[in-house]
1. Checking the structure you have, find out if any residue of the range 69-76 is surrounded by fewer than 22 Cβ atoms within 10 Å (Cβ to Cβ), within 24 Å of the chain's Cα centre (by Cα) and farther than 30 Å from CYS127 by Cβ.
2. So, of the residues in the range 234-248 that are assigned to a helix (DSSP H, G or I) and over 21 Å from the mean Cα position of the chain (by Cα), which turns out to be surrounded by the most Cβ atoms within 10 Å (Cβ to Cβ)?
3. Is there a residue being within 16 Å of the chain's Cα centre (by Cα), over 28 Å from GLY334 (Cβ atoms) and either of a type in the set (Gly, Ala, Ser) or modelled with pLDDT under 95 (or both) anywhere in the range 114-121?
4. So which residues in the range 297-351 are closer than 18 Å to TYR172 by Cβ, of a type in the set (Gly, Ala, Ser) and surrounded by fewer than 22 Cβ atoms within 10 Å (Cβ to Cβ), if there are any at all?
5. Only one residue in ALA108, ALA140 is among the hydrophobic types (A, V, I, L, M, F, W, C), farther than 21 Å from MET195 by Cβ and at pLDDT 85 or above, so which one is that?
6. Of all residues in the range 352-397 being touching a Cys at 6+ places or on another chain (Cβ under 8 Å) and aliphatic (A, V, I, L, M), which is surrounded by the most Cβ atoms within 10 Å (Cβ to Cβ)?
7. Starting from the range 69-95, keep only residues that are free of Cβ contacts under 8 Å to residues at least 24 places away in the same chain, then list their pairs with residues that are assigned to a helix (DSSP H, G or I) and β-branched (Val, Ile, Thr) whose Cβ atoms are within a distance under 9 Å, requiring at least 6 positions of separation or different chains.
8. Tell me which helices (runs of 4 or more DSSP H) are completely within the range 249-340 and hold 2 or more residues being under 24 Å from GLY357 (Cα atoms), at pLDDT 90 or above and out of contact with any strand residue (DSSP E or B) (no Cβ under 6 Å at 6 or more places or on another chain), or say none if there are none.
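The values are calculated or read from the model by the stated rules, or taken from the named source; none is laboratory data. Values in this document were obtained by computation on a predicted structure and should not be read as measured data. Note that each Cβ is placed from the backbone with ideal geometry, even for glycine, and that neighbours are counted across all protein chains shown.
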Amino acid sequence: MYYIALIIFIITYSGIIFTRLPWVNVDRPSAAYFGAVAMILTGVLSFEEAIAAIDFNTIALLLGMMIVIATLELDGFFAFIAQKTISFSRTPLQLLWIITFTTGIASAFLVNDAVVLMFTPIIISICRSAQLDPKPYLIAEILASNVGSAMTITGNPQNMLIGIYSGIPYLYFLLHLLPISIIGMIIIVVCIKRMYSHTFEIQHVLHYSQNEYEYNLSSMIFSVPIFILITLFFLLHHVLDISIPLIALTGSSLILLLGKIKPSKIIKEIDWVLLLFFASLFIVVKGAEKAGILSLFLKFSHFNNSLHSITLLHAVSLVFSQIVSNVPFVILLGPTLKYSNSNIIWLALASSSTLAGNATIIGAMANLIVLESAAKSGIKISFMEFLKPGIIVTVLTLMLSIAVLYFYSVANSL
């Protein structure tokens with residue numbers, strides 16, 4: 001059984017890493033799905049064990065947030081926020097600050113992939129109307145979406161996983177990672193300003209054309225207050241003794257009932273492929289765990305709050321997030337980290353796996369979303385052009401994360 005599970009595990013993660021294999025039509029979701037089915041067919045897991053392996057708390061949280069985000073997208077809420085906040089800037093440097101912090105903070109509460117999907121066309125439009133090179137602003141948007149999303153459980157899919165695995169309260173998670181994200185966004189502005197100094201040398205006053213974006217205000221009257229209530233309940237869930245997934249599901253059901261967008265239209269926007277990807281990976285990793293393959297990773301269960309452990313986890317996250325992507329990496333490492341019994345280590349995994357996404361174009365899904373959207377508008381950002389600011393920001397923010405988390409560790413031990 002060990003060798004059968006090992007072969008399935010290698011094939012699955014090869015498909016996830018390379019996304020395209022010779023003579024096989026495979027991508028990450030299909031590779032994970034094949035692995036899940038193969039684990040059952042070969043008897044590594046029974047059908048009942050496979051179903052039990054799926055973490056339905058994570059699936060429920062993802063589904064609930066997807067419904068909320070899809071409704072806000074269709075209402076035009078993202079366009080509304082982006083246009084209104086960015087229009088306050090009067091110089092190229094002010095525009096950089098506002099794009100960075102608006103993207104970062106929005107990504108913390110609205111899931112970063114959705115934020116950049118809606119913000120990117122607006123940023124391009126505003127830059128062109130103001131006769132500015134959009135590249136530095138788009139790169140800042142990518143970097144800020146990842147750095148900002150690190151601060152909350154609902155900022156990105158891997159943090160949702162970590163939030164469910166660890167049981168860390170939402171507010172505790174937010175308060176501990178907030179300094180890393182805020183200082184990280186300042187680092188982004190300084191880095192982009194220095195690397196694209198020609199864009200910011202002339203501090204001329206910007207003039208924007210009055211672009212019209214569609215807002216469904218009659219629906220936003222219901223959807224936005226519900227989203228605010230969901231966020232408040234997230235912050236207070238530990239006090240109220242209500243699970244985060246249940247809050248997300250309750251809020252999403254209300255937004256479907258009370259909003260003015262057709263529920264069928266919203267449901268079509270749900271990323272069902274991502275849910276299948278998560279469910280399949282849970283099964284694959286459970287099969288590997290049962291067969292004893294994950295014993296290779298058991299050394300991570302001995303992680304503690306020492307500077308060595310925190311630094312090592314950041315280094316491992318940086319490497320493996322580029323190879324297998326952050327979500328498969330977190331699902332793989334999650335079962336072993338459960339034995340560490342340390343909130344600091346869980347926070348270190350959340351911070352490092354998210355910040356590592358800024359290192360390269362392929363480091364995070366948000367990166368690819370922005371670059372593909374920009375390419376459709378005739379804006380090409382090469383691998384090397386992104387790598388230069390990306391790797392600098394990644395290294396500096398990872399060092400910041402190590403320092404902040406080790407400070408918490410020392411403070412807790414006093």
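1. No.
2. Result: HIS237.
3. Scanning the range 114-121 turns up at least one residue that is within 16 Å of the chain's Cα centre (by Cα), over 28 Å from GLY334 (Cβ atoms) and either of a type in the set (Gly, Ala, Ser) or modelled with pLDDT under 95 (or both).
4. SER340, SER342
5. ALA108
6. Filtering the range 352-397 for residues that are touching a Cys at 6+ places or on another chain (Cβ under 8 Å) and aliphatic (A, V, I, L, M), the one surrounded by the most Cβ atoms within 10 Å (Cβ to Cβ) comes out as VAL393.
7. Every condition considered, the pairs that remain are THR85/ILE98; THR85/ILE99; THR85/THR102; PHE88/ILE98.
8. Output list reads 272-291, 307-323.
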